[in-house]
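The values are calculated or read from the model by the stated rules, or taken from the named source; none is laboratory data. Computed from a predicted structure; not experimentally measured. Note: accessible area is taken over every heavy atom of the protein model, side chains too, but ligands, DNA and RNA are not part of it. Shrake-Rupley method; radii C 1.70, N 1.55, O 1.52, S 1.80 Å.
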Amino acid sequence: MSKKRRITKAASASATLEFPFSLVENGRGRDSFDKSLDSVVQLLKGRKNIVVLVGAGISVSCGIPDFRSRESGLYSTLDIEKLGLSCPEDLFDLAFFQDEPGPFYTFAKHLYYPKGQDIRVEPSDSHKLLALLEKRKMLLRVYSQNIDGLEQEAGVSSKKIVYAHGSLRWASCTRCQKKVSSEDIMTDIRQGVVARCKAERKNKKNGASSSNSSVSSTNTPASSPREPLRRVSKRPRVESDDFCGGVMKPGVTFFGESLNDSVRRSLEADRDKVDALIVIGTSLSVAPISKVIEYLPPKIPRILINRTIVHPSTSSQNSDEEEKDPRENYVFDAYLLGYCDDVTRCLAKKLFHDESCSKEKKRKGKTMGSLLSKVLGGEDKDYKVED
């Protein structure tokens, strides 16, 4: 008989420690909820090359809506008539942006400042857990489906992050391809006007020849989400003898634009190193992240932190015994179900509590102890570190 899945509800948690989420553990169960979480922690103890896949679920608590939720998603709340769009997806359509960048920049402030009034969002506790894993030298890579860049805001180094769909943290010129930080176009973002490239032109002749095209040519891949119709641009050219003047396009991957090859290259580099996989806040339904589980070694521990159970494909049929998945009728070794921040706080407390108290408490500066205090959402004196 195949292994059965056991669901332990939060109500069965021990009286000394309350867990605001459900835990599903595959295989033989433990006698209590607390011990079940301990068994999950044991899967991660000693791991030095954890890969984490993250989605919109880790940013919802920051005030950032996802794209497709029926009531609160960005596409559902978008006023397409006011923006002059035929459908919500036009906002991130490459061909539409090439022709009319105005609607995107009219709305862009809501992407960069979803809370309004120029208030920048802060990373969630789930983002901070990623930084905590890196500081403990347990993190190999974060593969993010989000465009908000909060992983870096939380302290994860850029070399550890792969943005599968690009990021709002940078922008590039559609004419000369100059790349800049989003801070360089933030004044235009706040004012709702189209950001233009301020790079100096090398010479007037070359600049004039490049002005024949308002954007760099981009071939629409056959595998793109949809095939946008090309439009004849009617917007005026912005010419200058001194500056490029090309339209600045945010670093987000638009519909009709080729996906960045960084996912493939990083996976190839990580496949022989990864020793555990954590999936947080995603349905794993959108490529290329939806294919990651298939590509990674099947025998590494897999843990899901999510509101609901997801069932991604794991159809690899490698004949090599070393590559066969030992799991029967399930994908993850443990399912931690609940709000991402609730789960990650409890997991961080279990995973790092002893080490942080014994090794980090006496160190000066912004150490692991102070970071853990932030991850756990309070000024607990057991974690506080004096500067």
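Things to note:
- The 3J(HN,Hα) values that the Karplus relation (6.51, -1.76, 1.60; θ = phi - 60°) gives for region 185-194 are, in residue order, 10, 5, 4, 5, 4, 5, 8, x, 10, 5 Hz. Gly and Pro appear as x.
- Ser167 long-range amide H proximity, modeled H, under 5 Å: Gly251, Val252, Thr253
- Rolling a 1.4 Å probe across the protein heavy atoms gives region 94-202 an accessible surface of 42 Å² per residue.
- If you bin all the Cα-Cα distances of region 109-195 at 5 Å, starting from zero, the percentages per bin are 3, 13, 21, 22, 17, 13, 7, 3, 0.
- Apportionment of accessible area to carbon and sulfur, region 93-158, percent (1.4 Å): 44 percent
- Taking the empirical scaling 2.2 N^0.38 Å for compact globular proteins as reference, region 53-165 has a Cα radius of gyration ratio of 1.19.
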